[in-house]
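*Asks:* Please see the structure below; I have some questions.
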């Protein structure tokens, strides 16, 4: 019997639906564990998936629906993980009454000095690579898609062009050296090559929810999938998932 775990953000949890069983994971997999959390980041999704795999020995399949790459997470002073949404907004699931000035300064500096396309893309691929390695080592089938676009180069030519543009910028006031630039390109290309096989379909890297027509969304002000949207996503996934994933 397959033991499937699914992870993602609110688009995988089923935010705004009358019941979680109406979300796409329940329409695709007859039996599964949904680890998704509203507002989670890709680092958070990867971390929680890794932790769950390590603590459970009977998992056979892992499916991840990645979210916006602008989000990240950080550990607070009492070792809780705080979810940070894009543009410096704060995840609220931890029930924190307030945010310290030190944490707020850290987030502002992150978006000001470190959060660029290269940083987000490489961190995402590192998390993806680590998760793939763990699944491979345990004989776990691993596939993924994205609810919102994952901003990654799609060819060697595009990769070179993006890094050429980044080379003209400065980091901490210092110009990137040619040696560092070449090393960055090579390491990124290696990570991208190593993780290509986990995408259920490369076109699904562009965001299954982002590309939904308006009739599949809850409302203009709430761009989460409605019941019909989740059915649409489920049908698309079922059409491309290998048979051993579909125990219906």
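*Asks:* What full-extension length gain, to one decimal in nm, is calculated for residue 101 and residue 21 as 0.36 nm per residue of separation minus the Cα-Cα distance? Present the calculation step by step, with values, prior to reporting the outcome.
*Replies:* On the way: separation 80, 0.36 × 80 = 28.80 nm, distance 4.01 nm.
Result: 24.8 nm gained on full extension.
*Asks:* Order by neighbour count: 4, 238, 200, fewest other Cβ atoms within 10 Å first, most last.
*Replies:* 238, 200, 4
*Asks:* Further question: Note down the nm distance, to one decimal, between modelled labels 7 Å out along Cα→Cβ at residue 202 and at residue 138.
*Replies:* Once both label points are built, they end up 3.0 nm from each other.
*Asks:* Hey, another quick one. Could you compute Rg(Cα) / (2.2 N^0.38 Å) for region 197-248, with N its residue count? Don't jump to the answer; show the numbers that get you there.
*Replies:* Numbers: Rg = 12.5 Å, N = 52, 2.2 N^0.38 = 9.9 Å.
Dividing the Cα radius of gyration by 2.2 N^0.38 Å gives 1.26.
*Asks:* Still on this structure, I have one more. With a ≥ b ≥ c the root eigenvalues of the C-alpha gyration tensor of region 1-67, is it rounded (a/c under 1.5), prolate (a/b larger than b/c) or oblate?
*Replies:* Working: a/c = 2.43, a/b = 1.16, b/c = 2.09.
Because a/c hits 1.5 or more and a/b fails to exceed b/c, region 1-67 counts as oblate.
*Asks:* Within 10 Å of each residue's Cβ, count the other Cβ atoms and sort 221, 41, 115, 187 from fewest upward. Before the final figure, lay out each step's value.
*Replies:* Working: 221 6, 41 27, 115 19, 187 13.
With the fewest neighbours first, 221, 41, 115, 187 line up as 221, 187, 115, 41.
*Asks:* Among 48, 102, which comes first, second and so on when ranked by fewest other beta-carbon atoms within 10 Å?
*Replies:* With the fewest neighbours first, 48, 102 line up as 102, 48.
*Asks:* Using 7 Å Cα-to-Cβ label points, what is the residue 51/residue 218 separation (nm, one decimal)?
*Replies:* 2.5 nm
Any read-out appearing in this document is the output of simple, stated calculations on the displayed coordinates, not a laboratory observation. Given the structure is predicted, the values throughout are model-derived calculations rather than measurements. Neighbour counts are summed over all protein chains in view; Cβ atoms, including those assigned to glycine, are modelled from backbone coordinates with ideal geometry.
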